[in-house]
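To keep things clear, I will list the structure first and then write my remarks on it.
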Amino acid sequence: MRFPHLELAAYPHDRASEHRGDDAWLESAWQDPETRVLVVAGNRVRPVDGTVPWVAPVDLADLAGEGVRVLLGERDGRVWFADVVDASYATGEEWVGIRDLLPHLAGAGVEQAPLVFHAIGLAEWLFATRFCPRCGGRLEPRLAGHELECVECHRRQFPRTDPAVIMAITHGEPGTPDEQLLLGRQEAWPAGRYSTLAGFLEPGETLEDAVRREVVEETGVVVGEVTFFGNQPWPLPASLMLGFRGRAVSCEIQVDGTEVQDARWFTREDMRAEAAAGTLVLPGGVSISRSLVEDWYGGPLPGSW
């Protein structure tokens, strides 16, 4: 079975970290007509004709000196950059964030996903990290956009990734018609929308214990065995989604009413029938949540967000 979330990471690029401090190499790469650049305004991109708009550096003459040149790396015999400019350039509804960009990365655009995730992730960090947390001084980019240094105390800042767990929790004899999958929904979601549970890792906590804690906090369900499924970069704004399978040792649901408004157990037949009827709306095909659900179900399901 193919998992779309794994396809989004299936074409990694050489991040060329050894060149990030080599100004001569960076300038030479920027002058190369084969080099490609993605313009990111704040943390938004403007798709063109349904595709991610990579351009040659010469096409960015009107932005000369306006942005931070971020080296993404090398792939397919060329160098790839992002040009991160001020958010004020993102005028009009055609500029979209990463969530709205995801459909353009499915299918034929999937090879671009690691480069785009790298670009958006760093752009979000540069957009949000303006001042030194130690002294409040101004930060300046270093190492081709992968480091910020305070001009006052010279403390360095680095991009951060926040690990989050996302889990398919099951109850009952595996593979039988009575086996059930736990899904939850938030109050703000449209009617019928359900997803696997998820949450952030806390300091001093293992990933497996984060799975158990989040499930019991949100639904009251106690989880025993936890096994790793896979992971997905998720720059919304700066996460790595770590997928797990878990076996529940209790099945009574008591939602917290804060993060989760409702939670239900679904058999495979429940899921098939409700997804077909449109009364159950599952996450989109590029999300690791969808892959977790369809891995348990055993095949594709109709409908998505």
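Just so it is clear, none of the values below were taken in a lab; they were calculated from the coordinates. Computed from a prediction, not measured in an experiment: that's the story for all the values here. Because the Cβ atoms are built from the backbone with ideal geometry, glycine has one as well, and the counts that use them run over all protein chains shown.
Before moving on, here are some points about what is shown:
- For Ser304, the amide hydrogen comes within under 5 Å of the amide hydrogens of Leu282, counting only partners 5 or more places away or on other chains and with H modelled in the peptide plane.
- Between Ala191 and Glu217, the contour length at 0.36 nm per residue exceeds the Cα-Cα span by 7.1 nm.
- Phi-based couplings in Hz for region 261-267 (Karplus 6.51, -1.76, 1.60; Gly and Pro marked x): 8, 8, 9, 9, 8, 10, 6
- When each of Thr196, Thr129 is scored by the number of other beta-carbon atoms lying within 10 Å, the sequence from fewest to most is Thr129, Thr196.
- Considering only Leu115, Leu143, Leu71, the Gaussian network model of the chain with Cα springs below 10 Å gives its largest mean-square fluctuation to Leu143.
- Region 184-269 - percent relative contact order, Cα under 8 Å, separation 6 or more: 31
- Restricting attention to the chain, close to 75% of DSSP beta bridges with both partner residues there are antiparallel.
- Cα-Cα P(r), the chain, percent of pairs per 20 Å interval: 30, 51, 19, 0
- Here the Karplus relation 6.51 cos²θ - 1.76 cosθ + 1.60, evaluated at θ = phi - 60°, turns the backbone of region 12-27 into coupling constants of x, 10, 6, 6, 6, 4, 5, 9, 5, x, 9, 4, 5, 5, 4, 5 Hz, with x for every Gly and Pro.
- Normalised by the number of residues in region 1-138, the mean separation of alpha-carbon contacts (under 8 Å, six or more apart) gives a relative contact order of 31 percent.
- Rough spin-label spacing in nm, given labels placed 7 Å along Cα→Cβ, for Glu140 and Ser17: 2.4
- Separation of alpha-carbon centers, region 85-102 and region 205-283, rounded to whole Å: 31
- For the pair Leu240 and Ala277, a Förster radius of 25 Å applied to the C-beta separation gives a FRET efficiency near 0.15, rounded to the nearest 0.05.
- A protection proxy built from the mean count of other Cβ atoms within 10 Å ranks the segments 26-32, 203-209, most packed first, as 26-32, 203-209.
- Between amide H atoms placed 1.01 Å from N, distances below 5 Å from Ala16 occur with Glu74, all of them 5 or more places distant or on a separate chain.
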